[in-house]
Amino acid sequence: MPVLSLPALHANHGGCWLKDRSAETRAIGKGEAIVTAADTPLLMLNAPLVASRLGYPDLSGLDLLELFAFIYPARFVVPTPKGLAHALSLPEPANDGEVPLLLQRAAAALLAQCEAADWAEREGAWTILQSMAKLRWPWASLLGPVVAKPQRAERWLFARLPEWEEAAERPQPAQITLNEADVLGQLDHITGHHSEARAGQKAYAAAAAHIFAPRMADKAPHMLLAEAGTGTGKTLGYLAPASLWARASGGTVWVSTYTKALQRQLRRESRRVWTSPTSGTQPVVVRKGRENYLCLLNLEDALQGGFGGRAAILAQLVARWAGFSQDGDMIGGDLPGWLGTLFRQRGITSLTDRRGECVYAGCPHYRKCFIERAARASAEAELVIANHALVMVNAARGKDVALRPTRIVFDEGHHVFEAADSTFSADLTGAEAIELRRWVIGPEKGSKGRRRGLSARLADVASYDEAGARAITEAKDAAEALPADGWLQRVVEGEPSGEIEHLLAAVRATTFARDESGGQDAGYGLETEAADLDGEMIEAALEAQAALARLRKPLIQLGLRLEALLTDGPDWLDGQGRARIEGARQSLSWRVDLVAAWEALLARLSGPADPAYVDWLAVERSDGRDYDIGLHRRWLDPMQPFAATVLSGAHGVMMTSATLRDKGSQGEHDWDSAIARSGAAHLDRLPRVEAFESPFDYANQAEVLIVTDVPKGDIPALANAYGRLIEASGGGALGLFTAIRRLRAVHGRIADRMARLGLALYAQHVDPIDTGTLVDIFRDDPKASLLGTDALRDGVDVPGDSLRLVVMEQVPWPKPSILHRARRMAHPQGGQAHDDRIIRARLAQAFGRLIRGRGDRGHFVVLSAAFPSRLLTAFPAGTPIVRCTLDEALQKLRSGVSDEAKAAAVSPDLLG
């Protein structure tokens, strides 16, 4: 088997292994590895991860992931030796000592692919390689001899990308009622006639059909709350009636998720329903916010000198990917999640439209824009897979009826409340305000990049329309009151400039003065309620409010001028020009609403509190340093604006999850809290509620162990417990933490030990790998374990033997914030009931990671003696629950979920 005769290095927590040109692979120390890497270009896999293992951040070399991204753009590989071996059909290394040889073989295989006749991604490779060579990319000299120059000049990327086409507006969907027999027949068809019959899934699909019936009254959608235990088959259960309705009515169904992992799963599952386009259009479209997609204008700027150093190499690899990407989605799409982390900076986000500066039809790449293509495709699609935030934002901002769905399935429905809480909020912070300043005025002098202010983006409008030009000038003058570059340092040093910086200085002084938590000394973030403020704070708020009013007025006037141009435009205003002005008008409308929300927040500070809102001041800190300051407003019940904005305009809405209801301390099911957190309580029509039990045999498949002898706050004891539990399980453990600092402390104490046992350990907030890729690595290796925080408690689907142990460091108590306190006080059954519902939901979601299939077996461990019995109803009925010592828990892990363990379990109502 051919190898590339360059030295190769592999490093993990267990040690380092080097294979050079003349010797066998040998184990070496970290010091020798660092010296060797500094002297000689070494083959390695995931250089940032190797650097973190060696404790040498400046490490560089010939990273095989970069080579893979060049040769196979838009393809994913699990970035581990095992994953690379499988992707290239090479023998999997049996141990760490064999990894360097694998790296040499993989490099040879990848380079050989460049000379293969069946290299599908050949187009554009030679052209981009010439640019990479000028950037001194380490792989360029090795690729040069094997990437042949094409006989004809290759087209530039922006010439190769297809253009989207306009389509006629679709008529309203036909009003139809689905027949249950047809729904069950469709379910049988898409699940496979020979698949296992699931009575719960059939009943679930029949219930889901309810939301597709014609609406009988205005602002009264058919609404279904469907709790379905893990294993019910929710996805295909609702896709069966959704696909029937979409095809029969000519309408679009939107399925909304909270996590990107479920979006990827839905895309896969939808292929079983929509096997091929029905009318030349794309039947299934994934929609996300603009900030998820590659901006071609940003990419062009980066390729033409906007990026330097390693970031310029990243831009070239992204250009390679863009030519083969399915939809240009950079965050959770077919761009490998590990690509951005290889370059140790936020280059990926710099290539997306995160600042709302799109010039729409004024962009030379407008007709090829991934964002515009996705928006138009969704208007023609039968199924749109989106996320909760996008659905809410479209409903709140969108004037385009095609973007306001009328049939919506909210999967992961237990997260709708928190998504609404974020969407319908107001945050007047330094970071938000400086972004608004840059949007209005443009970049500060000396700034690089293509950022442009209003006058540059609307230069032709200003030259044609005197009133519009005057409004732009007035807006720029008023925006001088907003924070400018260096605002945070000026505020901290007591030298603010402008009304908003003076406000932020007053917020900081007030928050620090009122701190009773000790967080100022500990370096944590601080907050205080916006009540009983002193005269200096109120005066600063009133002056800031007046400054914002001076900004909002010309923005409104400019919006009116743009609307007038669209209504009665000049002869030279063509279709693209109208599209650009319409885009600018919508962007203006959004910012006018933003400024108005900030004004309302400031006006409240000098008057009586509005009981519908919770307002507070905060200083955001990390490691003892401020990084943002501001005022915050949340609805006490965010489902009130959600119902008015999203639900009232819909015709049918389904919210589904395995954890919609709260099971009280006695195990009773509470639909009242589910209804309240769905927004249905604010409608005139009550929702239909249905519950479908999980088909899994939890009594035989799982066991809950509450370990009582690990002292709270004892980091060495906590780390010892994690290490021994992972060792007893042989890996396959998901460790969940409520604090990043404890996660890092535990990881630092046990990572080397686990590696010496052959048990790989990965961690969020430690390893330089994105969360999605960490989960992919974990899923791919049954001996690996993963430590993480909230992001891993929900939406992680790791079926089979790769996940057989879930460990929580403690009971997941809610964070005692001002917002939490207000909602706690407002709970009709009291504060403890409010907290208990949150904790039980978190426990249920975490437990749901453990058993994903009928063959799964495992343990759920909580390292907390202080585990109230009233919380034990979070776990599925029949699950054995045992309080025990750590030694007893270890014995149970070694023996598996046994009959003996089940016999030792006691019912939740008997546990003290």
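Need one word for region 99-198: rounded, prolate or oblate. Basis is the Cα gyration tensor (sqrt eigenvalues a ≥ b ≥ c); a/c below 1.5 gives rounded, then a/b vs b/c decides. List each step's numbers first, then the result.
Values: a/c = 4.21, a/b = 1.85, b/c = 2.28.
It comes out oblate by the Cα gyration axes.
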Residue (of LEU436, PRO162, TYR366) at the positive-pole extreme of the chain, dipole from beta-carbon charges: PRO162
Spin-label zone in region 2-30 - amide nitrogen under 19 Å from a point set 7 Å from the Cα of SER141 along the C-beta vector: 4-9, 20-22
Which FRET efficiency value, to the nearest 0.05, do you get for ASP460 and ALA248 by plugging their Cβ-Cβ distance into 1/(1 + (r/R0)^6) with R0 = 35 Å? 0.15
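Compute the signed sum of charges (Lys and Arg +1, Asp and Glu -1) over the other residues within less than 14 Å, Cβ to Cβ, of ALA469. Please list the in-between numbers first.
Numbers: positive: ARG457, ARG470, LYS476, ARG561; negative: ASP460, ASP465, GLU466, GLU474, ASP477.
Taking every other residue near ALA469 into account, the sum is -1.
Mind checking the full-extension length gain between ALA739 and ASP188? Use 0.36 nm per residue of separation minus the Cα-Cα distance, one decimal, nm.
Values: separation 551, 0.36 × 551 = 198.36 nm, distance 4.53 nm.
Length gained between ALA739 and ASP188: 193.8 nm.
Restricting the count to DSSP beta bridges whose residues both fall in the chain, what percent are antiparallel, rounded to a multiple of 5?
Working: 31 of 85 bridges.
In the chain, DSSP labels about 35 percent of beta bridges as antiparallel.
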Two-site FRET efficiency, ALA826 against TYR627, from Cβ-Cβ distance with R₀ of 30 Å, rounded to 0.05: 0.45
Using mean Cβ contacts within 10 Å as the protection proxy, how do 650-656, 24-30, 673-679, 95-101 order, highest first? 650-656, 673-679, 95-101, 24-30
Can you spot the lysines whose alpha carbon is less than 18 Å from LYS219's alpha carbon? Ignore those fewer than 8 places along the same chain. LYS399
In nm, spacing of pseudo-spin labels at GLU291 and LEU686 (7 Å Cα→C-beta vector): 4.0
Decide, for region 380-509, between rounded, prolate and oblate: order the square roots of the alpha carbon gyration tensor eigenvalues as a ≥ b ≥ c, take rounded if a/c falls under 1.5, and otherwise choose prolate if a/b is larger than b/c, else oblate. oblate
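To the nearest 20 debye, what is the magnitude of the charge dipole of region 266-371 about its Cα centre, counting +1 on the Cβ of each Lys and Arg and -1 on the Cβ of each Asp and Glu? Write out the running numbers ahead of the final one.
Details: 15 positive and 9 negative charges, 54 e Å.
That gives region 266-371 a dipole magnitude of about 260 debye.
Would you mind calculating the gained length between GLU563 and ALA612 on full extension (0.36 nm times residue separation, minus the Cα-Cα distance), in nm to one decimal?
14.3 nm
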Relative contact order for the chain: what percent, with Cα pairs under 8 Å and sequence separation of 6 or more? 13
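Using the Cα centre of the chain as the reference point, and only Cβ charges (+1 on K/R, -1 on D/E), how large is the resulting charge dipole? Debye, rounded to the nearest 20. Mind showing how you got there, number by number?
On the way: 104 positive and 112 negative charges, 324 e Å.
Using Cβ point charges on Lys, Arg, Asp and Glu, the chain gives about 1560 debye.
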Say R0 is 51 Å: what FRET efficiency, to the nearest 0.05, do ASP39 and GLN175 get from their beta-carbon distance? 0.10
Could you give log10 I(q)/I(0) at q = 0.22 Å⁻¹ for region 1-69, computed by the Debye formula over C-alpha point scatterers of equal weight, without solvent? -0.92
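Taking the Cβ of each residue in ASP329, ASP672, ASP427 as the centre, tally the other Cβ atoms inside 10 Å and list the residues starting with the fewest. Write down the numbers at each step before the final one.
Working: ASP329 22, ASP672 12, ASP427 19.
Lowest to highest Cβ neighbour count: ASP672, ASP427, ASP329.
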Stokes-Einstein D for region 205-360 (37 °C, 0.692 mPa s, Kirkwood Rh from Cα pairs), in µm²/s, comes to 178
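How high is the relative contact order of region 800-879? Use alpha-carbon pairs under 8 Å, at least six apart in sequence, and give a whole percent. Let's see the in-between values first.
Values: 82 pairs, mean separation 36.7, N = 80.
This gives 46 percent for region 800-879.
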Gyration tensor verdict on region 8-154 (Cα atoms; rounded if a/c is under 1.5, prolate if a/b is larger than b/c, oblate otherwise): prolate
Given the DSSP H assignment, sum -39500 (n - 2.57) over each helix run of at least 4 residues in the chain and divide by its residue total; what's the result at 222 nm in deg cm²/dmol, nearest 500? -13000 deg cm²/dmol
Please report the spacing between the Cα centers of region 787-821 and region 265-318 in Å, no decimals. 30
Pairs from LYS288/LYS783; LYS30/LYS783; LYS288/LYS368; LYS712/LYS892; LYS234/LYS260 whose Cα-Cα separation, in the structure shown, is over 26 Å: LYS288/LYS783
Quick one: check the C-alpha center-to-center distance for region 602-641 versus region 107-125, whole angstrom. 55
Peptide ranges 597-610, 719-732 listed from the most packed, as the mean C-beta count within 10 angstrom indicates: 719-732, 597-610
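Please pull out the direction-averaged projected area of region 426-635, using the convex hull of its alpha-carbon atoms, in nm² to one decimal place. Can you show the working numbers first?
Working: hull surface 53.4 nm².
Over every viewing direction, the Cα hull of region 426-635 projects on average to 13.3 nm².
Over all directions, average the projected area of the Cα convex hull of the chain and note it in nm². Present the calculation step by step, with values, prior to reporting the outcome.
Details: hull surface 158.6 nm².
Hull-based average projected area comes out at 39.6 nm².
Looking at region 674-723, which GluC sites (Glu not before Pro) are in a loop (DSSP not H, G, I, E or B) and have at most 13 other Cβ atoms within 10 Å?
Details: sites: GLU690, GLU693, GLU703; in loops: GLU693.
Here the GluC sites (Glu not before Pro) that fit, given the DSSP loop and packing criteria, are GLU693.
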Could you give the length gained on full extension between ASP593 and GLU493, defined as 0.36 nm per residue of separation minus the Cα-Cα distance, in nm? 32.8 nm
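Any read-out appearing in this document is the output of simple, stated calculations on the displayed coordinates, not a laboratory observation. This structure is a prediction, so every number in the text was calculated from the model and none was measured. So basically every Cβ, Gly included, is an ideal-geometry build from the backbone, and we count neighbours across all protein chains shown.
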